[in-house]
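In what follows, a single structure is set out as structure tokens and then discussed.
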Amino acid sequence: MKSFIRLTAVLTFLLMTAPVIQAQDKFTVSGTVRDAANGEGLIGAIVQVQGQTTGTTTNEYGFYSLTLPKGRHTLVYSYLGYVNQLRPVNLQAPQKIDIQLSAEDVQIEEVVVTSTRPDQNVRSMEMGVARLEMKTIKSVPPLLGEVDVIRAIQLLPGVSTVGEGASGFNVRGGGVDQNLILLDEAPVYNSSHLLGFFSVFNPDAVKDVKLIKGGIPAQYGGRLSSILDVRMKEGNSKRFAASGGIGTVSSRLTLEGPIQKDKSSFIIAGRRSYGDLFLKLSPNDIQRNNQLYFYDLSTKVNFTPGPKDRIYLSGYFGNDAFRFVSGDGEDSFKMRWGNRTGTIRWNHLFSDKLFANFTGIYSDYDYMLGVPTGPQAFEWTSRIFNYSGKADFSYYLNANNTITFGVSAIRYRFHPGEAQPLGSETIFNRYALDHQHAVEYAAYLDNEQKIGERLSFQYGLRFSMYNFLGSQTVYEYVGEGTDRKVPTNGRTYGKGETIASYTNPEPRFSLRYALSESSSVKASYNRMAQYVHLISNTTAASPLDVWSPTTKNIKPELADQVALGYFRNFKENMFETSVEVFYKDMQNQIDYIPGAETLLNQEMEADLIYGDGRAYGVELYVKKNTGRLTGWVSYTLSRSERLFEGLNRNKWYPAKYDRRHIGSVVGMYDLNKRWSFSGTFSYTTGVATTFPNARYEIDGGAITVPHNTDESRNNFRVPPYHRLDLSATLQGRKNDQRRWKGEWVFSIYNVYARRNPFTIYFRQNKNDPTRTEAVRLSIFGSILPSVTYNFKF
């Protein structure tokens, strides 16, 4: 604790005494940059002094602040895909300048078009960061007509798919639970619909998608591998608008418009799949009662009560349902899961240099499975509640220093599982696991500092504190190796009593050195702490995996990551390239003893073991930004390994999400004003898994049981995953007299019908029981064509 206090004191001194004391002959120009068509704030828009490197970018709400010497300047406002604007200013006092940029195809007379093109990948401090425009995401060939945010980011370097029909994604050798997924700052615990085929993000309601893999700023915490920050649209503040689409498996509709023009607006976006509706038309009674569908609703309103304030209210409500009816007409199995989030935010401008955002967040994730009828009828439910509040501040000290700081608090309520008997014939009794409670606090301080024209630093510290709370009876577990541990020394804690407490300083550091106007080198280090864990002993996550808080026995996961990168642009930023290498060291990783029980197990911690992890690799990225043909090529060579006492003869072994090679090719071609085409090809090394190398024979070989004799872990790999997708988009004929605009999207998923393995299992051969055979289970083994009609007016 003393070392943390000293480090904080040193950091505060560096931040506040940097050679940046403002002189009397400097003034601040501040304001917002918005889209002229709909009033949406533009995230990451560039505000720069013409002919100089002095400048800044807008924050998540479109706000900017820039302190300049007294006198005349010409400011250049730019944003990719928009026409640049020049604004002469004569700074004799602080000024507020709000700018509205028009899209490139909507030029107006007073706008001056410049030849400057954004090269933020070279100039900015960010490394290991990818921001995808929704226009790009919508150009990626969809699965069954559904544009998908998660599927799009899996085409980026360092990101791999868990597999078809599985939720989540892996980043730089981390697990699916090591990615913090935020929707308007609210955590989303399960980002999938329809068992992982689609994501919960409605593309018509999404404004910005940002994935951070390394050099993570101090304002973020809680996960080891990445931050996926998804921001919803604010709603059109200029005029009423509607958009939607009719697809192969679902349809969607979005309505947005001003409540008071340029003062307040709303957006509401809904989706629903309708496979179950078509099943009801079946003449077969059993098929009519089967179900598999999802729906979601995304909403947001915002108000501007005054020139220094803006209030946002946003919410997400989604649900999935699955029911399978057996041949005898009885319900055999049912499942349901869903997310609900709510966010309220208040932006306040204390001065032209101090911007604040106060946020209240609610998140609720619940999941259920059950057998509705018969002697084994039951319903199992589990749930996670999050209540959090945070305050974030940005202080634009001058053109060379931007200080961010803030505090946050999260209250967790876990309902790990409850089994409820159904009907009078059931043989089950009610069984429930103890509820679990915890709180997590954090404070951070960070500064982005420019030293001359070539060198920039970003340094900061996040300090997190976590308390696991009663009421609950807690045991210590005694045992070694891979044997199930024995509970002992039980102690009962009262309501709200602290059972275990942890603190973790999490330093962050990044630097950038410009080699030239078109190239730079960057380096970063960050430490992350994670206090919630996904308890799953399968390779692919499912909606029914159990989440657990850090407890007295389950320690916080920790990760230290270093990265080094070279960034270079060519031909006036037409092409951007990068090479990044990374090394990540992880502590307190979780694995499972053979035969571990993770569902409805009050003593689940007896089946867990803890060890270390490491991941390292190199990521290559080449992107073409302009011209009729755009797209990118990415390749990752990496390893992800784990070391646990008692597993794999105490040697490092590949993690279940280790992917040696990850490659993607994405191309988008505009043939003319009406026709455009796109295609993606992806290749990933097969997942590591444990295969048997021997078998037991019972009753003279009539029954065989595969098993592993050398105790190796993840000793084989399933065949590699690769897939080609294509799509074509036909725009409706342009008619300036009509607001209605439509387009047809034709797509083919899995063009050459690759049977990518979801899993491989072993069974006895039906014709020769003495033979054991491996069976590949594939979710999609054929071509999947689809047609979607999209519209807006």
Within the range 37-76, restricting to residues that are outside any strand (DSSP E or B) and free of Cβ contacts under 8 Å to residues at least 60 places away in the same chain, the one that is most open to solvent (accessible area, probe 1.4 Å) is Lys70
What is the one condition in (1) in contact with a helix residue (DSSP H, G or I) (Cβ under 6 Å, 6 or more places away or on another chain); (2) aromatic (Phe, Trp, Tyr); (3) over 30 Å from Phe758 (Cβ atoms) that Phe240 does not satisfy? (1)
For the condition open to solvent by less than 20 Å² (accessible area, probe 1.4 Å) and either within 22 Å of Gly235 (Cα to Cα) or in contact (Cβ under 8 Å) with a residue 24 or more places away in the chain (or both), what is the one hit in Lys353, Lys300, Lys308? Lys300
Of the conditions (1) over 29 Å from the mean Cα position of the chain (by Cα); (2) in a strand (DSSP E or B); (3) of a type in the set (D, E, K, R), Glu453 clears all except one; give me its number. (2)
In the range 487-504, is there at least one residue being crowded, with 21+ Cβ neighbours inside 10 Å and in contact with a Lys or Arg (Cβ under 7 Å, 6 or more places away or on another chain)? no
By residue number, the members of the range 646-670 that are open to solvent by 30 Å² or more (accessible area, probe 1.4 Å), at pLDDT 90 or above and within 27 Å of the chain's Cα centre (by Cα) are Pro654, Arg660, His661, Val665
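Every residue, every condition in (1) among the charged types (D, E, K, R); (2) free of Cβ contacts under 8 Å to residues at least 24 places away in the same chain; (3) over 29 Å from Ser265 (Cβ atoms); (4) part of a loop (DSSP other than H, G, I, E, B), yes or no:
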position: Arg131; (1), (2), (3), (4): yes, no, no, no
position: Lys135; (1), (2), (3), (4): yes, no, no, no
position: Arg151; (1), (2), (3), (4): yes, no, yes, no
position: Ser160; (1), (2), (3), (4): no, no, yes, no
position: Gly174; (1), (2), (3), (4): no, no, yes, yes
position: Asp204; (1), (2), (3), (4): yes, no, no, no
position: Gly214; (1), (2), (3), (4): no, no, yes, yes
Residue count for the range 416-446, restricted to those that are outside any loop (DSSP other than H, G, I, E, B), more than 30 Å from Ser524 (Cβ to Cβ) and open to solvent by 70 Å² or more (accessible area, probe 1.4 Å): 2
Scan the range 520-538 and tell me whether some residue there is in contact with a Ser or Thr (Cβ under 7 Å, 6 or more places away or on another chain), modelled with pLDDT under 90, open to solvent by 60 Å² or more (accessible area, probe 1.4 Å) and under 18 Å from Asn588 (Cβ atoms). yes
Over the range 759-790, the set of residues over 19 Å from Pro141 (Cβ atoms), part of a loop (DSSP other than H, G, I, E, B) and either small (Gly, Ala, Ser) or open to solvent by 80 Å² or more (accessible area, probe 1.4 Å) (or both) is Lys766, Asn767, Arg771
Being part of a strand (DSSP E or B), over 15 Å from Ser314 (Cβ atoms) and either among the polar types (S, T, N, Q) or outside the structural domain of Asp392 (by TED's automatic domain parsing) (or both) narrows it down to one of Ser243, Ser237, so name that one. Ser243
Checking Ala438 against (1) closer than 30 Å to Phe333 by Cβ; (2) in contact with a Phe, Trp or Tyr (Cβ under 7 Å, 6 or more places away or on another chain): exactly one of these is not met. Which one? (1)
Does Glu743 meet the test of being open to solvent by 40 Å² or more (accessible area, probe 1.4 Å), touching a Phe, Trp or Tyr at 6+ places or on another chain (Cβ under 9 Å), part of a strand (DSSP E or B) and at pLDDT 85 or above? yes
Only one residue in Tyr367, Tyr441, Tyr431, Tyr412 is closer than 22 Å to Glu605 by Cα and at pLDDT 95 or above. Which one? Tyr412
Within the range 360-382, which residues are open to solvent by 10 Å² or more (accessible area, probe 1.4 Å), out of contact with any Pro (no Cβ under 9 Å at 6 or more places or on another chain), assigned to a strand (DSSP E or B) and not aliphatic (A, V, I, L, M)? Gly360, Tyr362, Asp366, Thr381
Filter the range 722-776 for residues that are more than 34 Å from the chain's Cα centre (by Cα) and of a type in the set (Val, Ile, Thr); the one that is farthest from Thr689 (Cα to Cα) is Thr770
Please count how many residues of the range 597-615 are modelled with pLDDT under 90 and more than 22 Å from Phe414 (Cα to Cα). 0
For the range 556-642, which fully contained strands (runs of 3 or more DSSP E) count at least 3 residues that are not assigned by TED's automatic domain parsing to the domain that holds Thr684? none
Would you mind finding the one in Arg462, Arg484 that is surrounded by 14 or more Cβ atoms within 10 Å (Cβ to Cβ), within 30 Å of Tyr220 (Cα to Cα) and not hydrophobic (A, V, I, L, M, F, W, C)? Arg462
So is Tyr412 open to solvent by 40 Å² or more (accessible area, probe 1.4 Å), aromatic (Phe, Trp, Tyr) and out of contact with any Ser or Thr (no Cβ under 7 Å at 6 or more places or on another chain) or not? no
Tell me, please, whether a residue that is open to solvent by less than 10 Å² (accessible area, probe 1.4 Å), under 16 Å from Phe681 (Cα atoms) and modelled with pLDDT of 90 or more can be found in the range 159-181. yes
Can you confirm whether the range 128-149 contains a residue that is more than 21 Å from Met668 (Cα to Cα) and either surrounded by fewer than 23 Cβ atoms within 10 Å (Cβ to Cβ) or under 12 Å from the mean Cα position of the chain (by Cα) (or both)? yes
Could you say which residue among Asn756, Asn735 is assigned by TED's automatic domain parsing to the domain that holds Thr685, polar (S, T, N, Q) and surrounded by fewer than 14 Cβ atoms within 10 Å (Cβ to Cβ)? Asn735
Quick one: Phe575 ticks every box in (1) surrounded by fewer than 19 Cβ atoms within 10 Å (Cβ to Cβ); (2) modelled with pLDDT of 95 or more bar one, so which box is it? (2)
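The values are calculated or read from the model by the stated rules, or taken from the named source; none is laboratory data. Source: prediction; values computed, not measured. Neighbour counts run over all protein chains shown; Cβ positions are idealised from the backbone, glycine included. Ligands, DNA and RNA are stripped out before the accessible areas are found, and what is left, the full protein with its side chains, is counted by its heavy atoms. Shrake-Rupley method; radii C 1.70, N 1.55, O 1.52, S 1.80 Å.
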